[in-house]
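Data block below; observations after.
What follows draws every value from the coordinates through simple rules; no lab data is involved. Nothing here was measured: the structure is a model prediction, and the numbers come from that model. All Cβ positions, even for glycine, are placed from backbone atoms using ideal geometry, and neighbour counts span all protein chains on display.
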Amino acid sequence: MHRRDFLRTAGGAAGGAGALAASGSATAQAAEQPDYGGYLDSANGFGGSTTDLRGQEEVTIAVGAGSDGYAFDPAAVWVDPGTTIVWEWTGAGGDHNVVGESVEFTSGDPVGEEGYTYEQTFAESAVVTYYCSPHENLGMLGAVAVGDDIPTVEVEAGGGAQSPEEMGVPFQPHFVGIATLLMMGVTFIYTFFFLKYGESAHTSGGRN
């Protein structure tokens, strides 16, 4: 292979690798989520994500979820104004209730009956936070984001310390990114040595 052909091939490989890397980085786009002002930082079962249920007329939230029964599931939902929120007790974790923190509402005294329900509707856009009074200090917190006229934050899709499987991303694409970097490195190394030492007698085709 002549030096000109080698450089053309190496340049094409590096360019293709760069395009692939750029394509991969473009997928890490910012996603918009409601801003809870840090209220859910210690909430059980939150994990930093909001369940977007806009477009539904009725949404059910489990009361007494999680391994110990001290969580709401989903801990955070995003709904339209006028959506009926139904909290349904699982019977786990003892007696629970639902008490508004940012807006005044309550399901009443704590109960532990499985299948017990409490309904509430929010007509205006707002970020509604709430808790279970017996287990508030144990992280039994929740939130309902209502409508689009609410404070939001942008979070990087796939950010944080979670593994690819935890983020719902197949692991194989990450190997593609690693392989791309390795290919670029090998290409540059070979280019350096080729330019320094010239053409090999075995690849030049010889002279008649």
Self-check item: Label-point separation in nm, Met183 to Ser125, each point 7 Å along Cα→Cβ
Solution: 4.5
Quiz item: What list of ³J(HN,Hα) values in whole Hz, one per residue of segment 108-125 in order, does the Karplus curve 6.51 cos²θ - 1.76 cosθ + 1.60 (θ = phi - 60°) give from phi, with Gly and Pro shown as x?
Solution: x, 5, x, 9, x, 6, 5, x, 5, 10, 9, 10, 8, 10, 10, 8, 10, 5
Quiz item: Label points 7 Å out from Cα along the Cβ direction at Glu88 and Ser102: separation in nm?
Solution: 2.6
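I need the peptides 104-114, 40-50, 69-79 ranked by packing, meaning the mean over residues of other C-beta atoms within 10 angstrom, with the highest value on top.
Highest mean packing first, the order is 69-79, 40-50, 104-114.
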Quiz item: Given a Förster distance of 22 angstrom, what is the FRET efficiency for Ser42 paired with Val111, based on the Cβ-Cβ distance and rounded to 0.05?
Solution: 0.35
Quiz prompt | For segment 128-139, Karplus couplings with θ = phi - 60° (6.51, -1.76, 1.60), whole Hz, Gly/Pro x | solution = 9, 10, 8, 7, 9, 4, x, 10, 4, 6, 9, x
